[in-house]
Amino acid sequence: MLRGLYFLGGAVALGLGLAGIVLPLLPTTPFLLLSSYCFVRSSPAAHRWLLSHRWFGPYLRDWELHRGVRRSVKLVAVSSVALVVLSTWVLSDSSVVLRTAVTGLAAVGLVVVWRLPVTRGEEADVPAARPAAESPIPLDLVA
């Protein structure tokens, strides 16, 4: 039963991570990390699928192997957050309180991103076409 709950949690976290791609201020990365955490405890096949995914795999492998992110990932994250905050202030007619709250939440997110260790990610350059059975990360590495 616990495996089923972990799998459900992983699926929900993956859905929220996917929604975070298009919804500003909904973070993608923490939900993908949570999804990976849940899948490693419930479904090795789902975990391998996530690690070999064309878009998410390199980021998750960087985190699981090196506990860090690439400098380019940080740059994109900071730029995206700055763009959202700037557009909120310039294009939105919402109250100053709401815009300030958005800016405060963005600042917290930027501090978290800024504090993440930087990795070169050599291990993450594994081609995404690699079969799931040959996952570059042993499943017991993150357990």
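The values are calculated or read from the model by the stated rules, or taken from the named source; none is laboratory data. Note that this is a predicted model, so its numbers are computed, not measured. Cβ placement follows ideal geometry from the backbone for every residue including glycine, while neighbour counts extend to all protein chains displayed. When the accessible area is computed, the model is the full protein with side chains, heavy atoms only, and any ligands, DNA or RNA have been set aside. Shrake-Rupley method; radii C 1.70, N 1.55, O 1.52, S 1.80 Å.
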Notebook entry, point to check: Taking LEU23 and the conditions (1) under 18 Å from ALA106 (Cβ atoms); (2) in contact with a helix residue (DSSP H, G or I) (Cβ under 8 Å, 6 or more places away or on another chain); (3) not β-branched (Val, Ile, Thr), which numbered condition does it fall short on, given that it satisfies the others?
Noted result: (2)
Margin query: I need the full set of residues from the stretch 1-59 which are polar (S, T, N, Q) and either surrounded by fewer than 18 Cβ atoms within 10 Å (Cβ to Cβ) or closer than 25 Å to THR100 by Cα (or both), in order please.
Written below: THR28, THR29
Notebook entry, point to check: Just checking, which of VAL40, VAL85 is closer than 16 Å to ALA106 by Cα and β-branched (Val, Ile, Thr)?
Noted result: VAL85
Next item on the list: Name the single residue, out of those in the stretch 127-143 being in contact with a Leu (Cβ under 9 Å, 6 or more places away or on another chain) and under 16 Å from PHE56 (Cβ atoms), that is modelled with the highest pLDDT.
Entry: ILE137
Check: Of the numbered conditions (1) in contact with a helix residue (DSSP H, G or I) (Cβ under 7 Å, 6 or more places away or on another chain); (2) over 17 Å from PRO24 (Cα atoms), HIS53 satisfies every one except a single condition; which is it?
Finding: (1)
Next item on the list: Just need a number here: residues in the stretch 70-93 that are of a type in the set (D, E, K, R) and open to solvent by 60 Å² or more (accessible area, probe 1.4 Å).
Entry: 2
Next item on the list: Kindly list the number of the only condition in (1) among the charged types (D, E, K, R); (2) touching a residue at least 60 places away in the same chain (Cβ under 8 Å); (3) open to solvent by 90 Å² or more (accessible area, probe 1.4 Å) that fails for ARG67.
Entry: (2)
Item checked: Unique match (being at pLDDT 85 or above and either of a type in the set (Phe, Trp, Tyr) or open to solvent by 70 Å² or more (accessible area, probe 1.4 Å) (or both)) among VAL112, VAL96 -> VAL96
